[in-house]
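Undergrad: First, the structure itself, so that you have it in front of you.
The values are calculated or read from the model by the stated rules, or taken from the named source; none is laboratory data. Note that the structure is predicted; figures quoted are calculated from it, not measured. Every residue, glycine among them, receives a Cβ derived from its backbone with ideal geometry; neighbour counts consider all protein chains shown.
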Amino acid sequence: MEERALIIGESTVKRYLSPEDVIDCVEKTWRWYGEGKVVMPDKITTDMAAMGIPGWFNSMPAYIGPMDVAGIKVVGGYDGNKALGLPYIKANLLVTDSRTGILRALVSGDYINDLRTGAQPAIMARLLAASTDVVTIIGTGLQGYTSLLCMSKVLNIKEVRLSDISEAAMDRYIARFPEDVPFRFVKCRSNEEACRGSDVIITVTNANANLVEEPWVKEGGLVMTMGSFRETSFDVVRKADKIAVDQVGQSLHRGNLKELAAMGEITADSFDILIPDVLAGKMPARTNQKDRIYAQIIGTGMLDVACAGLLLEKITASGDELPRFDMTK
């Protein structure tokens with residue numbers, strides 16, 4: 001049997017996958033997970049700091065049943081990348097034949113990682129927000145950009161409030177969007193100014209700090225955290241009417257909920273809304289317009305593996321010939 005693998009770089013991924021493709025793929029994959037059609041162990045983190053390497057990486061395997069796609073995402077954060085002109089987060093994907101284990105493709109995973117990261121709050125806000133007129137984004141890096149890019153595809157937004165420790169970063173963020181976007185940008189002087197009265201608050205940072213305080217969250221507000229560490233005060237979670245997550249197991253030992261879980265205040269029974277189960281029709285999303293909802297988006301490897309599978313489908317359908325490597329040599 002022939003063993004020839006595609007090697008797919010960033011420009012090729014961008015040519016075949018649009019934001020709309022990725023949003024649709026993420027939503028379908030969440031639904032399939034809720035329907036029990038996806039196999040996905042919890043991610044494993046390899047932290048190299050103890051060996052003097054300032055970086056870490058996660059290993060995130062998955063099998064997507066409806067697509068018959070098996071693979072693993074390897075993604076990490078590397079402190080020295082900025083000095084090299086590289087992004088802090090680097091991702092790669094490996095896709096194998098589910099029946100034989102033969103390598104089908106090695107895929108540069110940065111674009112997929114960024115877009116599927118952005119697709120998550122877009123879908124969750126559509127399901128959970130009472131209103132999306134005013135959206136606050138704390139952290140105006142690349143993934144903050146893809147979050148708003150994807151949200152703009154599926155939500156009606158009138159005002160986007162930005163907060164970042166760097167005003168230059170906010171300016172660069174705004175410059176990424178065309179001048180005729182259907183919402184106005186507001187650069188805020190503080191997180192409090194950005195949050196008070198906002199319908200949707202999103203944190204997309206590397207911080208480990210109380211970026212959002214509970215009194216700043218209005219009735220009916222939605223707060224979504226996407227960082228790897230604490231991004232809100234404990235009371236934002238404690239006093240929320242509902243807590244939503246994208247995956248139970250990983251939400252207990254990562255991200256904004258990690259410390260509360262370690263203190264025993266948050267358990268698997270604390271989660272009122274599971275997004276995959278909502279999409280699978282097993283439970284409702286928002287049921288009361290006045291509820292304040294806190295949502296943690298931890299990110300799961302199945303989404304990237306599914307997007308890689310979609311990429312291979314689109315390449316095959318195009319008939320384009322891309323470079324392949326003979327794995328027998």
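Undergrad: Which members of region 281-312 meet the condition of being out of contact with any strand residue (DSSP E or B) (no Cβ under 9 Å at 6 or more places or on another chain) and over 21 Å from residue 237 (Cβ atoms)?
TA: Pass one, region 281-312, residues out of contact with any strand residue (DSSP E or B) (no Cβ under 9 Å at 6 or more places or on another chain): 281, 289-290.
281 - this is the single residue of region 281-312 that is out of contact with any strand residue (DSSP E or B) (no Cβ under 9 Å at 6 or more places or on another chain) and over 21 Å from residue 237 (Cβ atoms).
Undergrad: Of the residues 237, 217, only one is more than 21 Å from the chain's Cα centre (by Cα) and of a type in the set (Val, Ile, Thr); which?
TA: Testing whether each residue is more than 21 Å from the chain's Cα centre (by Cα) and of a type in the set (Val, Ile, Thr) leaves just 217.
Undergrad: Report yes if residue 109 is within 21 Å of residue 16 (Cα to Cα), buried (at least 23 other Cβ atoms within 10 Å of the Cβ) and in contact with a strand residue (DSSP E or B) (Cβ under 8 Å, 6 or more places away or on another chain), otherwise no. Outline the logic, then answer.
TA: Values: within 21 Å of residue 16 (Cα to Cα): yes; buried (at least 23 other Cβ atoms within 10 Å of the Cβ): yes; in contact with a strand residue (DSSP E or B) (Cβ under 8 Å, 6 or more places away or on another chain): yes.
Criteria met by residue 109.
Undergrad: Taking region 308-329 as the region of interest, how many residues are in contact (Cβ under 8 Å) with a residue 12 or more places away in the chain and in a loop (DSSP other than H, G, I, E, B)?
TA: Here the count works out to 4.
Undergrad: Take the residues of region 48-88 that are charged (D, E, K, R) and exposed (fewer than 15 other Cβ atoms within 10 Å of the Cβ): which is nearest to residue 302 (Cα to Cα)?
TA: 68
Undergrad: Can you confirm whether region 45-53 contains a residue that is touching a residue at least 40 places away in the same chain (Cβ under 8 Å) and assigned by TED's automatic domain parsing to the domain that holds residue 12?
TA: From region 45-53, those touching a residue at least 40 places away in the same chain (Cβ under 8 Å) are none; that's our starting set.
There is no residue in region 45-53 that is touching a residue at least 40 places away in the same chain (Cβ under 8 Å) and assigned by TED's automatic domain parsing to the domain that holds residue 12.
Undergrad: Which helices (runs of 4 or more DSSP H) sit wholly inside region 88-175 and have at least 2 residues that are closer than 24 Å to residue 310 by Cα? Break it down into steps so the answer makes sense when it comes.
TA: On the way: elements: 110-128, 142-154, 167-175.
Correct list: 110-128, 142-154.
Undergrad: Which one of the conditions (1) polar (S, T, N, Q); (2) within 23 Å of the chain's Cα centre (by Cα); (3) at pLDDT 95 or above does residue 190 fail to meet, given that it meets all the rest?
TA: Unmet condition: (2).
Undergrad: Residues being part of a loop (DSSP other than H, G, I, E, B) and farther than 20 Å from residue 273 by Cα: count how many of those fall in region 196-217. Can you show your working first?
TA: Here is the first cut: in region 196-217, the ones part of a loop (DSSP other than H, G, I, E, B) are 196-199, 204-211, 213, 217.
Right, trim to farther than 20 Å from residue 273 by Cα and you get 196-198, 204-211, 213.
Of the residues in that region, 12 qualify.
Undergrad: Counting just the residues of region 213-223 that are more than 21 Å from residue 287 (Cβ to Cβ) and touching a Ser or Thr at 6+ places or on another chain (Cβ under 9 Å), which one comes out surrounded by the most Cβ atoms within 10 Å (Cβ to Cβ)? Can you show your working first?
TA: Here is the first cut: in region 213-223, the ones more than 21 Å from residue 287 (Cβ to Cβ) are 213-216.
Still in the list and also touching a Ser or Thr at 6+ places or on another chain (Cβ under 9 Å): 213-214, 216.
On the way: 213: 15, 214: 18, 216: 22.
Only one residue tops the list, namely 216.
Undergrad: Have a look at 269, 241 and point out the one that is touching a strand residue (DSSP E or B) at 6+ places or on another chain (Cβ under 9 Å) and over 28 Å from residue 77 (Cβ atoms).
TA: 241
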